[in-house]
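Accompanying notes for the structure given below.
The values are calculated or read from the model by the stated rules, or taken from the named source; none is laboratory data. As the structure is a computational prediction, the values presented were derived from the model and not from experiment. Virtual Cβ from ideal backbone geometry, glycine too; neighbours counted across all protein chains shown. Each accessible area value is taken on the protein alone, full model and side chains, heavy atoms only, with ligands, DNA and RNA left out. Shrake-Rupley method; radii C 1.70, N 1.55, O 1.52, S 1.80 Å.
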Amino acid sequence: MLRSEPLATYHKARPDLAVTFPDFGPLLERAGFVAAFRGVIDIDDISEPILKLVFTDGTSANQVVPAGAMRRIGHSVAPEAALALFPSLRHERFFGDFARALQRDARARLGSCEPWRLAPAERVVVLAVPADRSDAFLLAEQLRQAGLANVGLVLLAERGGIRPEILAIFAGLEASLGLPCSLLFVEDIRYAFYLLAEALRAVGARRFVFLGQGVFLAPEGWRTALAALAGGDEGLHVFVLAAEGQAPASMSDCFAWTAAGFAALLPQVPMVLGGQPDDHGLGRAGAAARRHPVAGWRLGEVTVGSVLTGWVNQVLEAGHG
């Protein structure tokens, strides 16, 4: 049983009732209401919910909520749908709990890596394959020209509509590059960063270069990244795209590090909605990071989250610190 939050409840007009109740004009201005209920609800709990209304005179009424009226954020509607009910959501007293609930839900949906093929290698290049078909083929062509040698290649790809093309791309790269090639599928490629440590463990990697979704390096950019991968230091190397207006959205878009260093940092990084705001927590290691301008570009525009996503991530990152 959940009780509504009294200070979050307010009235709304119900003009749709005017045809049925034509003589109740002013009352229809307060016939609807919006309420927030705090608590944890499992999926099985919302199959046949009952709304109990208690009136000021002590009487009450029970109303069965039709299953078709239920909408679950993150499933059938995006978080932004809540703004239709609470336009000033970030100012509501329950917003902090709401933000953390969205974070827990996103983490539960993160899933894990599904290995398609694993080829162990100590030094690897890990790429988040774009979910767009043409971008994925462009990435494959780039890899053929990158001059990869003495490294393993790890592709993280989304279990989505282009999965057949991903398999064809992987088979072609495996045949043409002559390198240890691994392919792992993830639920949502935007969150590849959070599954990176798992992928590195799966292939037994000690050092890696990671390229986020949509990041492409020119041949000279690859030389800089591969030189850092071949090195023996334990530090974090961040690659900043040199072309004006093409900088990655965060430090985590393109970087090289040790698997041990990244695995130690990851538990301290808050999981944020949308996958790519700010620096993904790599700024916590930023004092020791070496920054390298590299030749490359970002295909398409940097994804900008919604206003609500920004509000939620501010709460999550502040709370994590």
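Here are a few things to note about the model shown:
- Between Ala69 and Ala84, the contour length at 0.36 nm per residue exceeds the alpha carbon distance by 3.9 nm.
- Protection proxy ranking, peptides 20-29, 156-165, 201-210, average beta carbon neighbours within 10 Å, highest first: 201-210, 156-165, 20-29
- Rounded to 0.05, the FRET efficiency of the Ala108 and Phe24 pair, given R0 = 45 Å and the Cβ-Cβ distance, is 0.50.
- Label point distance in nm, Arg163-Phe33, each placed 7 Å from Cα along Cα→Cβ: 4.6 nm
- Full extension of the segment from Ala227 to Leu7, taken as 0.36 nm per residue of separation minus the current Cα-Cα distance, would add 73.3 nm.
- Calculated over the chain: convex hull of Cα atoms, volume per residue (Å³): 170 Å³
- Take segment 47-198 with all the other protein chains still there, run a 1.4 Å probe, and you get 53 Å² of accessible area per residue.
- Computed [θ] at 222 nm, deg cm²/dmol, the chain (DSSP H ≥ 4; -39,500 (n - 2.57); rounded to nearest 500): -9000 deg cm²/dmol
- Charge dipole (debye, nearest 20) of the chain; +1 at Cβ of Lys and Arg, -1 at Cβ of Asp and Glu: 440 debye
- With all protein chains in place and ligands, DNA and RNA left out, the 1.4 Å accessible area ranks His91, His237 as His91, His237, largest first.
- Unit charges on C-beta of K, R, D, E only; dipole of segment 23-94, Debye: 240 debye
- In terms of packing, defined here as the mean over residues of other Cβ atoms within 10 angstrom, the peptides 219-228, 32-41 line up highest first as 219-228, 32-41.
- Under a model in which nothing but the beta-carbon of Lys, Arg (+1) and Asp, Glu (-1) is charged, segment 130-206 shows a dipole of about 220 debye around its Cα centre.
- Radius of gyration and Dmax over the Cα atoms of segment 160-202, both given in Å: 11.7, 30
- Share of carbon and sulfur in the accessible heavy-atom surface of the chain [1.4 Å probe, %]: 56 percent
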